[in-house]
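Down below is the structure, laid out as structure tokens.
The values are calculated or read from the model by the stated rules, or taken from the named source; none is laboratory data. What you see is a predicted model, and the numbers here were worked out from it, not measured in a lab. Positions of Cβ are backbone-derived with ideal geometry, glycine not excepted, and every protein chain shown enters the neighbour counts. Surface areas here come from the heavy atoms of the whole protein model, side chains and all, with no ligands, DNA or RNA. Shrake-Rupley method; radii C 1.70, N 1.55, O 1.52, S 1.80 Å.
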Amino acid sequence: MTRLQYSKQIVVINFTRLSNWCDDIATDGFVYADENEDIDTETLRVNIFTDIHNYVSSIYSLVEELHQVIDKCVIQDVDKGTFVRGSARKSRALPPFVRKLVFAWGLRNQFTHGNYRCLTIVEEQNGNRTFMRVRFHKKKFDPRGKGDLKAVGDYLWGASVFS
């Protein structure tokens, strides 16, 4: 339980770091560069990618800790197939956590291999303020390195909004 609590704390810390980039991450997720700081957009992009990676990786670690606890409490094996279901076997009846978790696993798989091409960080305008926005591109999402969108359907079935 101590390891589980630590993992949870790490997720919270990483989410806090990520959300600190935004005025309101739940509403718009815009990242405004502080006008008083001398930071170029490329450094800002690297820092945002780093915090996204750390947050997604910490979710993965928390789930691995949960997996060990669950395995001790149930008779049947709980493995990847329990949660990661191909699009032909998708079930909207599964809790939202599971649907979002599967997508997070896919992101983590892609990030682990240093390939962030499914995410871009673009500079946009909101009135007279410049901000950075992270965009997800479904067709560039490739957690297995195959490059075939059909092959990644089991990581995308629970996600709803994409460009």
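Can you find a residue in the range 52-71 that is closer than 22 Å to residue 125 by Cβ and either open to solvent by less than 50 Å² (accessible area, probe 1.4 Å) or at pLDDT 85 or above (or both)? Explain how you work it out, then say what you get.
First, pick out the residues of the range 52-71 that are closer than 22 Å to residue 125 by Cβ: none.
Looking for residues that are closer than 22 Å to residue 125 by Cβ and either open to solvent by less than 50 Å² (accessible area, probe 1.4 Å) or at pLDDT 85 or above (or both), one finds none in the range 52-71, hence no.
Within the range 1-38, the set of residues being more than 20 Å from the chain's Cα centre (by Cα), farther than 15 Å from residue 129 by Cβ and modelled with pLDDT under 85 comprises 1, 38. As a summary of the residue check, residue 104 satisfies the conditions (1) within 17 Å of the chain's Cα centre (by Cα); (2) modelled with pLDDT of 65 or more; (3) open to solvent by 20 Å² or more (accessible area, probe 1.4 Å) except for the one numbered (3). Out of (1) more than 27 Å from residue 4 (Cα to Cα); (2) assigned to a helix (DSSP H, G or I); (3) modelled with pLDDT under 80; (4) open to solvent by less than 70 Å² (accessible area, probe 1.4 Å), what's the single condition that is false for residue 44? The number of the failed condition is (3).
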